[in-house]
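Here is the structure we will look at, set down as structure tokens.
The values are calculated or read from the model by the stated rules, or taken from the named source; none is laboratory data. Please read these numbers as outputs of a predicted model, since none were measured by experiment. Cβ sites come from the backbone with ideal geometry, for glycine too, and all protein chains shown count toward neighbours.
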Amino acid sequence: MQASRLLRAAVWAVLAVFQSACGSLVAPSLDLDSLPALVLDSGKLLPAADVATAPGTDSLLLVTPQMHDFVARFSPREMNPRARLLGLHEAVRGAGALGVGYNPAADGDAARVFASGDANCLSFAHLFVALAREAGLDARYQWLDVRPQWTRIGERLTMRVHVNVMVRMPHGEQFMVDIDPLQARDIAASRLLADREAAALHDNNLAMAALAQGDLPRAWMRAVNALRQSPDLPLLWVNLGAIYRQSGQLEAVEWALLQALQRDSGERSAMNNLALLYDQTGRSRERDVWLARIQHYRERNPYYLAWRGDMAGESGDWGQALLQYRKALDLQPGDSALLAATGIIHFKLQQYAAAERLLQQAIEGASLSSERREYAAQLERVRRGRRAGGVQAAGEAGSTRI
């Protein structure tokens, strides 16, 4: 795999976006009366305080009698925890039992996924958390912070997110359970999610689905309920801004985006949308302030620098690619994927010793066995190419999914 593609991942459905707490301010509590009311085409106002409260996490994780029997059959309590987990996973994913399949549009609670057999990453997490807890396992939602991507056109930011399940064994062993695993190199960080946060993401998904269908009242109801459950999640405010934009309430759009930034001062989607809003409304001075701030954050983002290196590599400018990746490594020196990509660039430049050294560091720094196998395969190809006096073999390394 070429250096210009080491950090590129397949496109997959966006469920929600959450920024890490780094650089965040303390999240204010939610006052529903402070939310501008939604204005419909008819002129009718929908105050947030009048929105009925939607069912919470308890309903998402409700175990039906059929689900109880399923767990008793495939993950009985008399088995040890590890065997219970493996048996449950095989039964859920295996074609011979439940056979749940991936469908990016399949939002739903645990019972619905169990009955339908279709799930996206979040609804699959509802199902597996519910079943695993029924089996007496310590199962929790997990947020995977996926490295951001930039498109070629206008250098727009593409946010990709993912939720899976972390199951902890009594003696410290941990397992990630996932319906659509990411490449290890695409995971920048992870954290456990509280049940209320998972419920908020569920409502957020339904809000965005309703918005796509033009159903503003339903989108509003779900967005408000998402914020009720977890007002500290920045993208809930960004998506609230999208609803206000659809209703033509531009002042409310600005307010919602600033709320997102109050909770995370580095929330990239909010900054980009604010710059766009100010550009569209002729507020050029404020637009320029936010564009400068966006560029400042980009220059401090190792994955943006890696993206610029990717673009240089694709045009054959390996010297510029190396410069950008070196800047990225200065910001994130222990990142195994950046180390491996930089090593391959050195190989392209026929700098063999540096290529082998960096790939070896990538192997030593990799946290997962799949990463170590991938980088070891790349290192072997580099050595083989060095012996052959060429560089063609370096681009053939395969990738291993988690």
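Tell me which residues, restricted to segment 328-356, are of a type in the set (D, E, K, R) and either buried (at least 16 other Cβ atoms within 10 Å of the Cβ) or in the same structural domain as Leu182 (by TED's automatic domain parsing) (or both).
Of segment 328-356, the ones of a type in the set (D, E, K, R) are 330, 335, 348, 356.
Passing the criteria: Asp335, Lys348, Glu356.
If only one of Ala223, Ala198 is in a helix (DSSP H, G or I) and within 19 Å of Phe124 (Cα to Cα), which one is it? So that I can check it myself, show each step before the final result.
On the way: Ala223 fails: within 19 Å of Phe124 (Cα to Cα).
Within the list Ala223, Ala198, the selection yields Ala198.
Take the residues in segment 64-92 that are in contact with a strand residue (DSSP E or B) (Cβ under 9 Å, 6 or more places away or on another chain) and not hydrophobic (A, V, I, L, M, F, W, C); name whichever of them is surrounded by the fewest Cβ atoms within 10 Å (Cβ to Cβ).
Selected residue: Arg82.
For segment 256-291, which positions are within 18 Å of Ala48 (Cβ to Cβ) and either more than 25 Å from the chain's Cα centre (by Cα) or free of Cβ contacts under 8 Å to residues at least 40 places away in the same chain (or both)? I'd like the intermediate steps shown before the answer.
To start, the set of residues in segment 256-291 that are within 18 Å of Ala48 (Cβ to Cβ) comprises 256-260, 262-263.
Passing the criteria: Ala256, Leu257, Leu258, Gln259, Ala260.
For segment 266-306, which residues satisfy the criterion of being in contact with a Phe, Trp or Tyr (Cβ under 8 Å, 6 or more places away or on another chain) and modelled with pLDDT under 90?
Answer for segment 266-306, where residues must be in contact with a Phe, Trp or Tyr (Cβ under 8 Å, 6 or more places away or on another chain) and modelled with pLDDT under 90: Gly266, Arg268, Arg298, Tyr304.
What do you reckon, is Leu61 under 30 Å from Pro217 (Cα atoms), surrounded by 20 or more Cβ atoms within 10 Å (Cβ to Cβ) and at pLDDT 95 or above?
On the way: under 30 Å from Pro217 (Cα atoms): yes; surrounded by 20 or more Cβ atoms within 10 Å (Cβ to Cβ): yes; at pLDDT 95 or above: yes.
Yes: the conditions hold for Leu61.
Which residue pairs have Cβ atoms under 8 Å apart, sit 6 or more places apart or on different chains, and have a first residue in segment 54-65 that is over 11 Å from His202 (Cβ atoms) and a second that is assigned to a loop (DSSP other than H, G, I, E, B)?
Leu62/Asp109
Tell me whether segment 265-280 contains one or more residues that are among the acidic types (Asp, Glu), surrounded by 21 or more Cβ atoms within 10 Å (Cβ to Cβ) and either in the same structural domain as Ile187 (by TED's automatic domain parsing) or within 21 Å of Ala188 (Cβ to Cβ) (or both). Let's see the steps before the verdict.
As a first pass, look at segment 265-280 and keep what is among the acidic types (Asp, Glu): 267, 279.
Subset that is surrounded by 21 or more Cβ atoms within 10 Å (Cβ to Cβ): 267.
Now restrict to residues that are either in the same structural domain as Ile187 (by TED's automatic domain parsing) or within 21 Å of Ala188 (Cβ to Cβ) (or both): 267.
Checked segment 265-280: at least one residue is among the acidic types (Asp, Glu), surrounded by 21 or more Cβ atoms within 10 Å (Cβ to Cβ) and either in the same structural domain as Ile187 (by TED's automatic domain parsing) or within 21 Å of Ala188 (Cβ to Cβ) (or both).
Only one residue in Leu206, Leu192 is of a type outside the set (Val, Ile, Thr) and in a helix (DSSP H, G or I). Which one?
Details: Leu192 fails: in a helix (DSSP H, G or I).
Of Leu206, Leu192, the one residue that is of a type outside the set (Val, Ile, Thr) and in a helix (DSSP H, G or I) is Leu206.
Hey, any hits in segment 46-55 for a residue that's at pLDDT below 70 and assigned to a loop (DSSP other than H, G, I, E, B)?
The first filter runs over segment 46-55 and keeps only residues at pLDDT below 70, leaving none.
Looking through segment 46-55, none of the residues is at pLDDT below 70 and assigned to a loop (DSSP other than H, G, I, E, B).
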